[in-house]
1. Report the calculated FRET efficiency for THR219 and LYS19 (r = Cβ-Cβ distance, R0 = 35 Å), to the nearest 0.05.
2. What FRET efficiency do you get for ASP381 and VAL253 if R0 is 56 Å and r is their Cβ-Cβ distance, rounded to the nearest 0.05?
3. Once you charge only the Cβ atoms, +1 for Lys and Arg and -1 for Asp and Glu, what is the size of the charge dipole of the stretch 204-373 about its Cα centre, to the nearest 20 debye?
4. Test of understanding: what is the full-extension gain from ASN139 to THR86, defined as 0.36 nm times their sequence separation minus their Cα-Cα distance?
5. Roughly how far apart, in whole Å, are the Cα centres of the stretch 12-47 and the stretch 210-225?
6. So if each residue of separation counts as 0.36 nm, and I subtract the Cα-Cα distance between GLN276 and LEU363, what length gain in nm does that give?
7. Within the set LYS254/LYS352; LYS19/LYS105; LYS19/LYS172; LYS258/LYS352; LYS261/LYS352, which residue pairs have Cα atoms separated by over 23 Å?
8. With a Förster radius of 30 Å, plug the Cβ-Cβ distance of GLU234 and THR319 into 1/(1 + (r/R0)^6) and report the FRET value to the nearest 0.05.
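Any read-out appearing in this document is the output of simple, stated calculations on the displayed coordinates, not a laboratory observation. What you are looking at is a predicted structure, and each value in this text was computed from that prediction instead of being measured. Reconstructed Cβ throughout: ideal geometry from the backbone, glycine too, with neighbour counts over all protein chains shown.
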Amino acid sequence: MTRSTTVVQVFVASPSDVKSERDILEALIAELNRTWSATLGVIFELVRWETHVRPSLAADPQAVVNAQIGDSYDVFIGILWGRFGTPTPRAPSGTIEEFERALAKLRNGDGKPEIMIYFKDAPLPPSRIDPVQLQLLQNFRASLSHEGMYSVFEDELGFQTSLRAHLAALAKAFASSENNRGAQPPGPMATRTSLTESEDDLGYLDYIETYESRIAEMTSTMQAISDATVRVGELVSQRASDIGELAKPISDVKTARKHVKMVADDMTAYAEILNQQLPLMSSSRETALQALTRALTFHDEFSTSDETALPTLRASLATLMDAATGSMTGLRGFRSSLEGLPRMTADLNRAKRAVLSQLDSMLSEIYNTVHTIENILESVDRMVIK
């Protein structure tokens, strides 16, 4: 069976340090196009200089890109991390020149292109840190704060999950726009092609079921961490109080060392709990949020029969984000209290170091979760408003 499909061009701009993210974008569009062509009648064509620019003579390399890519695409995606890019005769970098061309067209045209900028918030290898480039990046990011056109991600999983949700919302918006225009002939950026429909093995309900089960696992994991944090916090406080009494002055070193050893043992056990729970948390996050964003790509098939689906999903995401934010606040508070423990014995110092390390890893995981949920919520909101 064939159907008429709207082709939407997506141009990606970035410096050279985010090649893996560019490849993720290409693979993700190829994956999701199979669904969109069947369910929405929309297919995204990725425009990259690697595939759409041929060798040519011009005043400078960026001028070649500008001439051959043009500015008639529908979506502009910019990805930045630690590099701002190489200056051109017209702008601080090639990426920024491409962004400024897209922004000028958006402001002077008919609402196109859609502009989405992604900033990678991950540590840079010391050898790749360039203070000048980083300052230019920070200035550019600050200049976009009032525009509402950028998102932040911490790792490849977060980028893929957030991007899938954003692209699903865009696909739905373009499908709705085409339907509202009726049978008008397609313009140069809305060309038609005939494609063979295909279906994946899994569907909307499969993904929703996976999402809900993994969310339950995440909630259980965060509750286990919260309970363990409360318990060890109470134990450490009591032990610290006992040690404090003995330290006025320390008249019985043997007894004081015994109490310190118990504190160290409590903290070591807590560090092990965090070590066990972290991979569970990470695995549940990966499966849950990817399942949810995949479900969003199928949602249009159910939108007419169940208008409560998206609001229900949004409510569950908001609840999860509240739980994650609360957990993060509690862990930060506990970490702060542990940093104040005095250096009394080698056992205590090792236990303290282990706990702080595990807390940092857990806080990073929860922070990533919150950021990704925020990005998905943004896309869900766009789909609800439609």
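1. Details: r = 36 Å, r/R0 = 1.03.
Approximately 0.45, to the nearest 0.05.
2. Working: r = 61 Å, r/R0 = 1.10.
With a Förster radius of 56 Å, E is 0.35.
3. 1240
4. On the way: separation 53, 0.36 × 53 = 19.08 nm, distance 1.59 nm.
Length difference between fully extended and current span is 17.5 nm.
5. Cα centres, the stretch 12-47 to the stretch 210-225: 30 Å.
6. On the way: separation 87, 0.36 × 87 = 31.32 nm, distance 1.45 nm.
Stretched fully, the GLN276-LEU363 segment lengthens by 29.9 nm.
7. On the way: LYS254/LYS352 21 Å; LYS19/LYS105 26 Å; LYS19/LYS172 27 Å; LYS258/LYS352 16 Å; LYS261/LYS352 12 Å.
Among LYS254/LYS352; LYS19/LYS105; LYS19/LYS172; LYS258/LYS352; LYS261/LYS352, the Cα-Cα distance tops 23 Å for LYS19/LYS105; LYS19/LYS172.
8. Details: r = 27 Å, r/R0 = 0.91.
So the FRET efficiency works out to roughly 0.65.
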